[in-house]
Amino acid sequence: MSAYRAVVFDFFGTLTRAVQRGPQHAEIARSLGVDPDAVTGVLDRTFRARARGRYGSAEATLRWVIEQAGGRPREAQVRAGVPARVDALRADTELRADAVSVLAALRRRGLATAVVSDCTHELPAFLPHLPVAPLLDAKIYSVRLGVCKPDPAIYLAACDELDVLPRECLYVGDGGSNELTGAAAIGMTPVRLAAPDLAHHLVYDADTNFAGRTVRSLTEVVALIDHAQIHPTPVPTR
């Protein structure tokens with residue numbers, strides 16, 4: 001078997017604990033003059049389209065969502081709503097207690113690391129300010145690439161930035177967006193994170209048919225690498 005040279009992680013529900021929408025989302029909806037439940041319905045049914053950047057910029061997307069929910073927001077309201085959305089998603093996001101230590105441990109072992117996320121405009125705005133950011137050699141966001149998992153292009157974008165082949169990558173995710181079968185299809189080795197808190201995770205298109213290797217914590221990923229006695233070739237950081 002080829003040595004692993006990289007570990008690629010999903011973000012929401014993998015490097016973070018389970019995510020649910022907090023109260024700030026309802027406050028944003030009310031500030032824009034629409035019913036919070038109507039906004040939630042639009043957000044849920046349009047996630048994949050929004051995560052591909054289908055509706056344009058962050059402001060254009062927020063305006064479209066509010067209009068679909070029956071509102072007619074003023075430009076100033078939309079401009080204020082965009083950073084409020086970033087703050088709301090950041091408030092929903094709690095890194096796993098072992099996320100930083102696991103990324104650091106993998107890099108000490110000479111592996112490159114990446115995050116591949118199906119996300120809307122907010123994640124690229126706040127992830128660079130999180131403690132995991134300097135420990136990630138590549139950050140692939142669907143909203144910037146224009147495709148979502150399990151499209152091969154999103155995984156291959158990570159491989160390209162890391163200068164590795166898919167077969168040299170371990171892929172770790174909770175299973176949203178059919179990401180595990182997608183990773184396997186291009187030659188990565190997928191591992192499902194089945195942490196107990198994920199029973200309450202907001203997830204779209206769960207990978208329910210995946211029957212591969214499962215871990216209960218991120219720390220077990222390091223143990224997998226060590227147990228396999230894998231000695232990767234260090235990958236230079238770009």
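The values are calculated or read from the model by the stated rules, or taken from the named source; none is laboratory data. For clarity, every value in this text was computed on a predicted model and none was experimentally measured. In this analysis, Cβ positions are derived from the backbone assuming ideal geometry, glycine residues included, and neighbour counts consider all displayed protein chains. The accessibility values were calculated without ligands, DNA or RNA, using every heavy atom of the protein model including side chains. Shrake-Rupley method; radii C 1.70, N 1.55, O 1.52, S 1.80 Å.
Annotations for the structure displayed:
- Using 0.36 nm per residue and subtracting the Cα-Cα separation, the extra length available between R109 and Q24 on full extension is 26.6 nm.
- Within the accessible area of the chain (1.4 Å probe), percent carbon and sulfur: 51
- Karplus (6.51, -1.76, 1.60) ³J(HN,Hα), θ = phi - 60°, over the stretch 122-138, in Hz, Gly and Pro reported as x: 6, 4, x, 7, 10, 4, x, 9, 8, x, 7, 3, x, 9, 10, 7, 8
- The stretch 12-53-the stretch 98-137 distance, computed between alpha-carbon centres (Å): 23
- The chain: relative contact order in percent, alpha carbon pairs under 8 Å with at least 6 residues between: 28
- Between A80 and S217, the simple label model (points 7 Å from Cα in the Cβ direction) yields a spacing of 4.4 nm.
- Given the choices (i) 112; (ii) 137; (iii) 125, volume of the Cα convex hull per residue in Å³ derived from the coordinates of this structure is entry (i).
- The stretch between T208 and A133 holds 24.0 nm of extra length on full extension. This uses 0.36 nm per residue minus the Cα-Cα distance.
- For R96, the residues whose amide H sits under 5 Å from its own are T16, R17, ignoring neighbours fewer than 5 places away on the same chain, with H placed 1.01 Å from N.
- C-alpha long axis of helix 152-162 to longest principal axis of the chain, angle in °: 60
- For the stretch 19-68, the solvent-accessible area of protein heavy atoms averages 50 Å² per residue (probe radius 1.4 Å; ligands and nucleic acids excluded).
- Of the peptides 27-36, 7-16, the ranking by mean beta-carbon count within 10 Å, highest at the top, reads 7-16, 27-36.
- Fraction of beta bridges assigned by DSSP in the chain that are antiparallel (%, nearest 5): 5
- Across the stretch 33-145, Cα pairs under 8 Å and at least six residues apart give a relative contact order of 31 percent.
- Residues whose amide H falls under 5 Å from that of V191, counting only those 5 or more places apart or on a different chain, are Y171, V172, G173, with hydrogens built in the peptide plane.
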